[in-house]
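All remarks here apply to the structure that follows.
The values are calculated or read from the model by the stated rules, or taken from the named source; none is laboratory data. Not measured: the values here are computed from a predicted model. Cβ placement follows ideal geometry from the backbone for every residue including glycine, while neighbour counts extend to all protein chains displayed. To get the accessible areas, we keep the full protein, side chains included, count just its heavy atoms, and leave off ligands, DNA and RNA. Shrake-Rupley method; radii C 1.70, N 1.55, O 1.52, S 1.80 Å.
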Amino acid sequence: IRRGARPLEAGYSARAVTLDFAQAGTTAQAVNRVAAFFNANIRGTTRIISSFKEHPVRTSLKIFVGITLPSILLYYANRDDERWKEIPQWQKDIFWIVFVGENIYRIPKPFGLGQIFGSVPERFLEWLDTKDPDMMKNVFLTIAESGIPNPLPTAVMPVIEWMSNYSFFRGQAIVPASREK
């Protein structure tokens, strides 16, 4: 409004600053009531695609400077630290790991984009260093999990995980085989 926009224009502009959480179809609204962040996941993916279509160079540059470059620099800073090898892959995929002295800080990567443009380059660099054939194995599964919304009711997931003894978030058994009995 201070820049001369009419109140209605200012309202629409304010809704477009991040994601427009009010924008949802009937089905998405219904699923979003039982599956947490379903609509936000769809809207986020749609917004990324439209941003690449409308401003491909600007969007690519922002992603490179804000996600890819920090991921590459942090990987090179961390790769020789023994603590890096002990951190589970799922944490490396969703956090930037920062070592400061004896402290380990985990900074969340942006959802979706962080895995595609941050974790994939990190895994590739780690694969170049270690030649571990499994390093790139599950990277596409990680990307799919971050980009495809889960339609299962959120309240039911802990029960399913408990009954199956499998954490879908971490991709491994909740109780390891050595401790099952």
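Estimated purely from DSSP H runs of n ≥ 4, each contributing -39500 (n - 2.57), the mean residue ellipticity at 222 nm for the chain is -14000 deg cm²/dmol once divided by its residues.
The chymotrypsin sites (Phe, Trp or Tyr not before Pro) of segment 83-181 that meet both conditions, a loop assignment by DSSP and at most 12 other Cβ atoms within 10 Å of the site Cβ, are F169.
The lysine pair count for the chain, using Cα distances under 26 Å and pairs eight or more places apart or on different chains, is 12.
Placing +1 on the Cβ of every Lys and Arg and -1 on the Cβ of every Asp and Glu, with no other charges, gives the chain a dipole of roughly 800 debye about its Cα centre.
Across segment 107-115, coupling constants 3J(HN,Hα) worked out from phi with the 6.51/-1.76/1.60 Karplus curve, θ = phi - 60°, read 9, x, 7, x, 5, x, 4, x, 6 Hz, and Gly and Pro carry x.
Per the 1.4 Å probe, what fraction of the accessible area of segment 1-135, in percent, lies on carbon and sulfur atoms?
Summing carbon and sulfur atoms, their accessible area is 63 percent of the total for segment 1-135.
Enumerate by residue number the trypsin sites (Lys or Arg not before Pro) in segment 20-84 meeting two conditions: DSSP loop (anything except H, G, I, E, B), and at most 12 other Cβ atoms within 10 Å of the site's Cβ.
Values: sites: R33, R43, R47, K53, R58, K62, R79, R83; in loops: R33, R79.
Passing sites in segment 20-84 are R33.
Between V156, V120, V100, the residue with the greatest mean-square fluctuation in the GNM of the chain (Cα pairs under 10 Å linked by springs) is V100. By the combined test of axial Cα extent (at least 27 Å) and Kyte-Doolittle hydropathy (mean at least -1.0), none of the DSSP H helices of the chain qualifies. Shown in residue order for segment 81-91 are the 3J(HN,Hα) couplings computed by the Karplus curve 6.51 cos²θ - 1.76 cosθ + 1.60 at θ = phi - 60°: 7, 4, 5, 4, 5, 8, 6, x, 4, 4, 6 Hz (x for Gly and Pro). Positive end of the dipole of the chain (Cβ unit charges, origin at the Cα centre): among W162, A5, Q115, the Cα lying farthest that way belongs to A5. Close amide H partners of Y166, meaning residues 5 or more places away or on another chain with modelled amide H under 5 Å apart, are I174. Cα centroid separation, segment 70-132 to segment 1-57: 30 Å.
Please compute the net charge surrounding E9, taking Lys and Arg as +1 and Asp and Glu as -1 over other residues with Cβ under 12 Å from its Cβ. Could you put the intermediate results ahead of the total?
Details: positive: R3, R6, R15; negative: none.
After counting each charged neighbour, the total is +3.
Think of a 1.4 Å ball rolled over the protein heavy atoms: the chain then has 70 Å² of accessible area per residue.
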